[in-house]
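Working notes, structure below.
Values quoted throughout were computed directly from the atomic coordinates according to the rules given, and no laboratory measurement underlies them. Since we're looking at a predicted model, the values are computed, not measured. When we count neighbours, we look across all protein chains shown, and the Cβ atoms used for this are built from the backbone with ideal geometry, even at glycine.
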Amino acid sequence: MPKQQEPINLGDLLKYEAPNLYSRDTGTIAAGQVLALGTVLGRASVSGKLGQLDPTATDGHETAVAILAQDIDTSLIEHDDALLIARHAIVARQTLIWPSGISAAQKTTALNQLEARGILARTSA
């Protein structure tokens, strides 16, 4: 019998959040992306739209500001009401989705940026 793997869900990612949905926020994901739950996000400084973290960018996407709390497909049009983990939360480190080619130093920088927002990444079972 073939082995089945269930995709991660919000319970796998989010291990603690503040009461009354304080940890959550919504934001606009820029068009042209397909992002999975757990993607580390940056925010364009001019438009304010979110996209996958890009440590080599110079437009604001180089700074980690939130974690995507749902799967999003903006291939054709931006998504205005994306669910984010934006503050005061603990997430499972192994469920975070990073851009391909990110270095260990860049990942550490991003984790520190998230921690400054109160989002702690912990190793979890």
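Computed values, structure above
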item: Segment 10-122: relative contact order in percent, alpha carbon pairs under 8 Å with at least 6 residues between; result: 32
item: Under 19 Å from the Cα of residue 15 - aspartates and glutamates, other chains or at least 8 residues apart; result: 6, 25, 71, 115
item: Of 108, 57, 10, farthest towards positive along the dipole that unit charges on Lys, Arg, Asp, Glu beta carbons give segment 10-122; result: 108
item: For segment 31-107, convex hull of alpha carbons as volume per residue, Å³; result: 97
item: Proxy reagent accessibility, fewest Cβ within 10 Å first, across 90, 119; result: 90, 119
item: Antiparallel DSSP beta bridges within segment 10-122, percent to nearest 5; result: 75
item: Charged-residue dipole, Cβ positions (Lys, Arg, Asp, Glu), segment 10-122 about Cα centre, Debye nearest 20; result: 440
item: Cα-based equivalent ellipsoid, segment 10-54: semi-axes from gyration tensor eigenvalues, Å; result: 22, 14, 8
